[in-house]
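Worksheet: the structure to be examined is printed underneath.
The values are calculated or read from the model by the stated rules, or taken from the named source; none is laboratory data. Just so you know, these numbers come straight off a predicted model, no measurement behind them. Cβ sites come from the backbone with ideal geometry, for glycine too, and all protein chains shown count toward neighbours. Keep in mind that these areas ignore ligands, DNA and RNA; they rest on the heavy atoms of the full protein, side chains included. Shrake-Rupley method; radii C 1.70, N 1.55, O 1.52, S 1.80 Å.
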Amino acid sequence: MAVVMKPGASEEDIERVVRFVREKYGLRTDVSRGEFQTVIGLIGDEDRVDFERLATLPGVERAYRITSPYRLVSRNFFPEDRVIEIKGVKIGGNNRPVFIAGPCAIESKEQIFRIAREVYEAGADILRGGAFKPRTSVHSFQGLGEEGLEYLAKAGEEYGMPTISEVRSEKHVELVAKYVDILQIGARNMYNQDLIEEAARQKKPILLKRSFGASIEEFLSFAERAVAQGNKDVILCERGILPIGRGRQFTRYSLDLSAVPVIKKETYLPIIVDPSHGTGRRDLIYPMSKAAIAAGAHGLMIEVHYNPDEALSDGPQMIHPRDLKKIIDVCKKIYEINSTEG
Ligand code: PEP
Ligand code: MN
């Protein structure tokens, strides 16, 4: 349910609605303050709520039911784009696309510092690097853990870039939050509600990746979980879904670019695209990056390494920093063209 306050509603009016639904129905609320109007969402089982009664409270313009499972993140609930600002980098709305780049995994201090410098010079805004890697095989490189996070934080500081790293387990949430600016929840954990809720409680932006088997409705429903914790700084990331058919697969996953305009219609949260995991192929990063920005993505996340063939994970999909510059330059031009469309 959404309670839309009148444009001139006072703080007292808002507080009265919040108190009313808490005391009368035992529900929590989510207060979204827009430029002109405030909208209050109810969290929990709202079947018993008498919204005609709610609509009579002072300062309330209207109260209505939204049945979608992802009502708090829905544009029907709140129409204004969410712009997330991280150390001066703005993601979402009409801002130019943001470029997140870095290695799949942090391998050493030298490696992350060198990549940080090279992606910074190529025009990247945010530095990525995995320290707790989700790996299929226990015999693969698992990441450097806290040591890796220390290097990542220092490299980000050195080049003035905010940082992002994946938090794979609830038990690492506080540790990862101590070092990075954005907490990444990987595709394998998109359904992990305890992890999402614990990450959201850190009061840091979250990047939630779509699971390779998830519908858009499921994806947004798990973003809703973070927002229901009072954290609206959720960046969505399309990273490819499972390909169909039994023949030879030419890509690691199928990058679902139609999800970008669909998600932009459904929610006010920013949506970025990861063409690296989405394709698994270095030669496809350039065309799919261009297509993602043309489709309206708010940014890209790209895996970069100065020596992809020696990388400890995901070498085949990592590009060289000089190729990153080419992608960023062309994507900025595509963004300009999109902006002139009105
Ligand atoms: C990653 O971005 O490091 C990663 C493991 O991606 P995904 O969760 O999309 O597989
Ligand atoms: Mn990777």
Next item on the list: Determine the relative contact order of the stretch 84-341: mean sequence separation of Cα pairs under 8 Å and six or more apart, normalised by residue count, in whole percent.
Entry: 19 percent
Next item on the list: Using a cut-off of under 13 Å, list every residue of the stretch 1-43 whose amide N is near the label point 7 Å from the Cα of ARG62 along the Cα-to-beta-carbon line.
Entry: 2-6
Margin query: Could you give each residue of the stretch 101-110 its phi-based ³J(HN,Hα) in whole Hz, using Karplus coefficients 6.51, -1.76, 1.60 with θ = phi - 60°, and x for Gly or Pro?
Written below: 9, x, x, 4, 10, 6, 9, 6, 5, 4
Margin query: Report, in listed order, any pair from LYS133/LYS204; LYS265/LYS325; LYS232/LYS264; LYS203/LYS332; LYS264/LYS332; LYS290/LYS325 with a Cα-Cα distance greater than 24 Å.
Written below: LYS265/LYS325; LYS203/LYS332
Next item on the list: Evaluate the relative contact order of the stretch 22-86 (contact order divided by residue number), counting alpha-carbon pairs under 8 angstrom at least 6 apart; express in whole percent.
Entry: 24 percent
Notebook entry, point to check: How big is the equivalent ellipsoid of the stretch 67-178 along its three axes, where each semi-axis is √(5λ) from the Cα gyration tensor, reported in whole Å from largest to smallest?
Noted result: 28, 20, 12
Notebook entry, point to check: Just the Cα atoms of the stretch 236-300: what Rg and Dmax do they give in Å?
Noted result: 11.8, 38
Next item on the list: Keeping the other protein chains in place, figure out the carbon and sulfur percent of the accessible area of the chain, with a 1.4 Å probe.
Entry: 47 percent
Note to self: Just to be sure I understand: of the beta bridges DSSP finds with both ends in the chain, what percent are antiparallel, rounded to 5?
What the structure shows: 40 percent
Check: Extent of the stretch 84-341 along each principal axis, from alpha carbon coordinates, in Å, largest to smallest?
Finding: 45, 44, 40
Notebook entry, point to check: Which whole-number value in Å² is the accessible area per residue of the chain, probe 1.4 Å?
Noted result: 44 Å²
Margin query: At 0.36 nm per residue, and after removing the present C-alpha to C-alpha distance, how many nm does the segment from ILE337 to ARG201 gain when stretched out fully?
Written below: 45.1 nm
Check: Which GluC sites (Glu not before Pro) does the stretch 10-73 hold that lie in a coil by DSSP with at most 15 other beta carbons within 10 Å?
Finding: GLU35
Next item on the list: Using only Cα positions of the stretch 212-255, each an equal point scatterer, no hydration layer, compute I(q)/I(0) via Debye at q = 0.18 Å⁻¹ and quote the log10 values to two decimals.
Entry: -0.62
Item checked: Contact order relative to length of the stretch 204-342, as percent, for alpha carbon pairs under 8 angstrom and 6 or more apart -> 19 percent
Check: In the stretch 1-105, which trypsin sites (Lys or Arg not before Pro) are in a loop and have at most 11 other Cβ atoms within 10 Å, using DSSP for the loop call?
Finding: ARG48
Note to self: Output wanted: per-residue J couplings in Hz (rounded whole) for the stretch 306-323, from phi through Karplus 6.51 cos²θ - 1.76 cosθ + 1.60, θ = phi - 60°, x for Gly and Pro.
What the structure shows: 6, 9, x, 5, 9, 4, 7, 8, 6, x, x, 9, 8, 9, 7, x, 5, 6
Checklist line | Amide N proximity, the stretch 242-262 versus ARG281 label position 7 Å along Cα-to-Cβ, cut-off under 17 Å | finding: 242-257
Next item on the list: Could you go through the stretch 71-88 in sequence order and give the Karplus-derived ³J(HN,Hα) for each residue, using 6.51 cos²θ - 1.76 cosθ + 1.60 with θ = phi - 60°, rounded to whole Hz, and x for Gly and Pro?
Entry: 5, 5, 9, 7, 5, 5, 7, 9, x, 6, 4, 8, 10, 9, 10, 10, 6, x
Item checked: Cα→Cβ-extended label distance, 7 Å offset, between ASP309 and LEU175, nm -> 3.5 nm
Margin query: Can you tell me the mean projection area, over all orientations, of the convex hull of the stretch 2-65's alpha carbons? Units nm², please.
Written below: 3.7 nm²
Note to self: Using only DSSP helix segments of four residues or longer, with each worth -39500 (n - 2.57), what per-residue ellipticity at 222 nm results for the chain after dividing by its residue count and rounding to 500?
What the structure shows: -10000 deg cm²/dmol
Notebook entry, point to check: Amide H neighbours of ILE302 under 5 Å, counting only residues 5+ apart in sequence or on other chains, H built in-plane at 1.01 Å?
Noted result: ILE100, ALA101, GLY102
